[in-house]
Amino acid sequence: MGKTRWIVILFVLWFIAGCSSSSSTNETEAISIMANLHTAQVSEDSPIIEKVEEKAGVQLDITWVPDDVYDEKMNTAIATESYPRAMFVKNEESFNKMKDSLTEEEYWEIGPYLEEYEYLSNLDSVVLENTAVNGKIFTLYSGRPMSRWGLIYRKDWADHLGIDAPNTTDDLYEMFRAFTEDDPDGNGEDDTIGVAVNSDLVYGGFKFVSSYFETPNNWGEQNGKLQPEFMFPEYTETMDFFKKLRDNELVNQDFPVTSKTDQTNMLTNGTAGAIVGCLCNAVGFQDKLQEANPNAELDVENRISKPGGEPGTWSTAGYGSVVLFPKASNPTEEDLKETLEVFNHLMNPEIYNLLSYGIEGEHYEVVNGQAKRLQGEDVEASFEQNVRPLMGIIIGDDSTVDGLEPYPVNDLYEKQYRQTLDNNEILIHDPTVAFDSETYGEKGEALQQIIDDATNQYMLGEIDGVGFQQEVDKWVDEGGENIIQEYNEAYSATH
């Protein structure tokens, strides 16, 4: 069986040897894959890859490239036309940057073939459409939860104050007030704040709360026309909520310049009572919190709405990395189908479990039908070297593969896992995610900065509603009008 190669130093030699296949592939030729490496290293003799090759009846030649230089190496492969049979694009941002260059002359449109495969046919049609370019599917994807967001809060503080889990934004505000003013830790000191927020308007807390006010996700439809989220009254309601928190000192006062690390520390050192962010962090936060305070306890809540509203949570596109199939290295339809068959095998539940959890009996055991990680320094070292890197070539996710679920390490893990799944029932989708805007590609980052600055200035009380509207008008005049037009033209063509 072939060995997995980690070749960054030998990358040039890989080019010289050539990654392109001949027009037909014999049964002993390895299928070349280029993928990004999220960890420090990967075993050169991974027993996991050997088992995958054995079970799939294939030979793999995987070139691992460190994540921080992956885009550069990928662009080199494209420029020199030294393609592997399958080429990962490391994340949604990188994929969006190269969408304009995706053509049927260079890459296979794989959408029409997926129904031919037992497992690939289970991929989520919504997520596939989110990867589409001009309505055509060129990629497979590695799935990510469409929403992992929710409230993480001090349950021991809430219990001490007689506060239930919040259901509305009014409840949320009252919790933050009580966590600030009612001595939730019982030490008699005025040393707590309700919630910690960081400067990132997407992942720092603001966008999560905006979902509770039913703000559209980046773009929304109004009178049959797409408009950006900041043109909706719900966006202003969200700004008002944060301004009120700051005016009443229920949040860290410098949140527009607070780092994610400092935000996290405020929760884990006992200063802040809550964070609105990724539910996936709850268990780790609780472990850190309990190092100094063993009695501290966290809880999570994902369904919150404004009074009289419906709970919602903004949705990502549902994918992390994607896989392209160059025609230069898959010159015939037969070659393409052979390469697709390899990825079909990767979605086989047995192989999916290998890539996700490792080898049963060595890295995990099955308890109650779930994969429970084994403990011990040797097990952990083997997992980090042989298993975790391979998660980068997983196709699909738990919702599209009938693999093992992870065994909950505690009740909090079980709850955040279930609430993350429940978020799929209340998603707020971005209607432009599969569309392209030339102006956005050229000016989108600079234009977004206008809105980000105005949003922070409003919440800090430096400008009022009139001032905010002036900045929105500036966004329109400096290119936003073209973005609106381009997205609406694409939207009209598909509706």
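Overview of results
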| quantity | calculated |
| --- | --- |
| Residues of the range 90-107 satisfying the condition of being small (Gly, Ala, Ser) and more than 20 Å from the chain's Cα centre (by Cα) | SER101 |
| Lone qualifier among GLY204, GLY188, GLY220 - being surrounded by fewer than 19 Cβ atoms within 10 Å (Cβ to Cβ) and of a type in the set (Gly, Ala, Ser) | GLY188 |
| Exclusive hit being closer than 23 Å to LEU298 by Cβ, in contact with a helix residue (DSSP H, G or I) (Cβ under 7 Å, 6 or more places away or on another chain) and touching a residue at least 60 places away in the same chain (Cβ under 8 Å), set LEU201, LEU279 | LEU279 |
| Residue satisfying all of: in the range 344-383; touching a residue at least 40 places away in the same chain (Cβ under 8 Å), surrounded by fewer than 17 Cβ atoms within 10 Å (Cβ to Cβ) and not acidic (Asp, Glu); farthest from GLU405 (Cα to Cα) among these | ILE359 |
| Residue in the range 465-478 that is out of contact with any strand residue (DSSP E or B) (no Cβ under 8 Å at 6 or more places or on another chain), under 23 Å from SER147 (Cβ atoms) and not assigned by TED's automatic domain parsing to the domain that holds LEU374 present | no |
| Every residue from the range 101-137 that is among the hydroxyl-bearing types (Ser, Thr, Tyr), outside any helix (DSSP H, G or I) and more than 20 Å from VAL342 (Cβ to Cβ) | THR103 |
| Which numbered condition ILE394 misses (of (1) surrounded by fewer than 19 Cβ atoms within 10 Å (Cβ to Cβ); (2) touching a strand residue (DSSP E or B) at 6+ places or on another chain (Cβ under 9 Å); (3) of a type in the set (Val, Ile, Thr)) | (1) |
| Unique match (being closer than 25 Å to TYR491 by Cβ and at pLDDT 95 or above) among ASP453, ASP477, ASP436 | ASP477 |
| Identity of the residue in the range 89-109, among the charged types (D, E, K, R) and under 19 Å from ASN330 (Cβ atoms), that ends up surrounded by the fewest Cβ atoms within 10 Å (Cβ to Cβ) | GLU105 |
| Residue ID - surrounded by the most Cβ atoms within 10 Å (Cβ to Cβ), chosen from residues in the range 446-466 that are outside any helix (DSSP H, G or I) and in contact (Cβ under 8 Å) with a residue 60 or more places away in the chain | LEU460 |
| Members of the range 316-330 that are at negative phi, assigned to a loop (DSSP other than H, G, I, E, B) and at pLDDT below 95 | THR316, ALA317 |
| Residue among LYS3, LYS73, LYS51 that alone is within 22 Å of HIS345 (Cβ to Cβ), modelled with pLDDT of 90 or more and either touching a strand residue (DSSP E or B) at 6+ places or on another chain (Cβ under 9 Å) or not hydroxyl-bearing (Ser, Thr, Tyr) (or both) | LYS51 |
| Checking PRO307 against (1) modelled with pLDDT of 95 or more; (2) buried (at least 16 other Cβ atoms within 10 Å of the Cβ), the condition it does not meet | (2) |
| Top-ranked residue of the range 110-164 - restricted to ones that are buried (at least 16 other Cβ atoms within 10 Å of the Cβ) and acidic (Asp, Glu), ranked as farthest from the chain's Cα centre (by Cα) | ASP156 |
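Residue-by-condition table, conditions (1) in a loop (DSSP other than H, G, I, E, B); (2) under 18 Å from MET391 (Cβ atoms); (3) of a type outside the set (D, E, K, R); (4) over 28 Å from the mean Cα position of the chain (by Cα):
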residue	(1), (2), (3), (4)
GLN41	yes, yes, yes, no
ILE49	no, yes, yes, no
TYR83	yes, no, yes, no
PHE88	no, yes, yes, no
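Residue-by-condition table, conditions (1) free of Cβ contacts under 8 Å to residues at least 60 places away in the same chain; (2) closer than 30 Å to THR432 by Cα:
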residue: LEU172; (1), (2): no, no
residue: ASP182; (1), (2): yes, no
residue: GLU189; (1), (2): yes, no
residue: PHE213; (1), (2): no, yes
residue: TRP219; (1), (2): no, yes
residue: PRO233; (1), (2): yes, yes
residue: GLU237; (1), (2): no, yes
residue: LEU250; (1), (2): no, no
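Listed here are the residues, each with its yes/no results for (1) of a type in the set (Phe, Trp, Tyr); (2) part of a helix (DSSP H, G or I); (3) in the same structural domain as ASN252 (by TED's automatic domain parsing).
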| site | (1), (2), (3) |
| --- | --- |
| PRO166 | no, no, yes |
| ASP171 | no, yes, yes |
| MET175 | no, yes, yes |
| PHE179 | yes, yes, yes |
| PRO184 | no, no, yes |
| ASN187 | no, no, yes |
| GLY204 | no, no, yes |
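The values are calculated or read from the model by the stated rules, or taken from the named source; none is laboratory data. All of these numbers come straight from a predicted model, not from anything done at the bench. Neighbour counts are summed over all protein chains in view; Cβ atoms, including those assigned to glycine, are modelled from backbone coordinates with ideal geometry.
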